[in-house]
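Chemist: Structure below; questions to follow.
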Amino acid sequence: MIPLEAWLLLGAALIGVGVWGALSQMSIVMVMMGLELMMNGVLLSVVAFWFHVAPDSAKGQVFAIIALTLMAVEAAIGFAVMIAIYRARQADTVDAATDLEG
């Protein structure tokens with residue numbers, strides 16, 4: 001069995017790469033990918049901790065499936081908003097999409 005520290009280290013690495021990706025990129029898509037990496041790191045850490053605290057309980061797995069589903073919905077909505085901004089203003093960077101008035 002892989003120790004809890006290894007899972008938490010992997011989760012922290014995912015969060016760190018996600019923070020770097022979200023803060024260093026100008027493209028809306030890359031910022032969204034950084035945010036998804038951060039959420040995956042948090043989810044991995046929570047599920048790993050949950051597994052090591054209560055290995056016989058399936059509640060952690062159910063939580064992970066629900067969280068992944070919500071993350072997929074959030075990504076779909078984010079990409080839909082990004083496509084709407086691009087069609088309306090031809091803006092594909094974060095700086096160009098600052099004015100969101102209708």
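The values are calculated or read from the model by the stated rules, or taken from the named source; none is laboratory data. Nothing here was measured: the structure is a model prediction, and the numbers come from that model. Glycine also receives a Cβ, built like all others from the backbone with ideal geometry; neighbour counts cover every protein chain displayed.
Chemist: Could you please tell me which pairs satisfy a Cβ distance under 8 Å, a separation of 6+ or placement on different chains, a first residue in the stretch 59-86 that is among the β-branched types (Val, Ile, Thr), and a second residue that is in a helix (DSSP H, G or I) and surrounded by 11 or more Cβ atoms within 10 Å (Cβ to Cβ)?
Modeler: Here the result reads Ile85/Ile28; Ile85/Ala97, each pair linking the stretch 59-86 to a residue that is in a helix (DSSP H, G or I) and surrounded by 11 or more Cβ atoms within 10 Å (Cβ to Cβ).
Chemist: Moving on to the next point. Considering only the stretch 30-58, how many residues are of a type outside the set (Asp, Glu), closer than 18 Å to Met71 by Cβ and free of Cβ contacts under 8 Å to residues at least 60 places away in the same chain?
Modeler: Looking only at that region, the number is 18.
Chemist: Further, regarding this structure: Please indicate, with yes or no, whether at least one residue in the stretch 52-61 is among the polar types (S, T, N, Q) and more than 19 Å from Ala96 (Cβ to Cβ).
Modeler: Within the stretch 52-61, one or more residues are among the polar types (S, T, N, Q) and more than 19 Å from Ala96 (Cβ to Cβ).
Chemist: Can you find even one residue in the stretch 21-30 that is within 21 Å of the chain's Cα centre (by Cα), of a type in the set (Val, Ile, Thr) and at pLDDT 90 or above?
Modeler: No, that holds for no residue.
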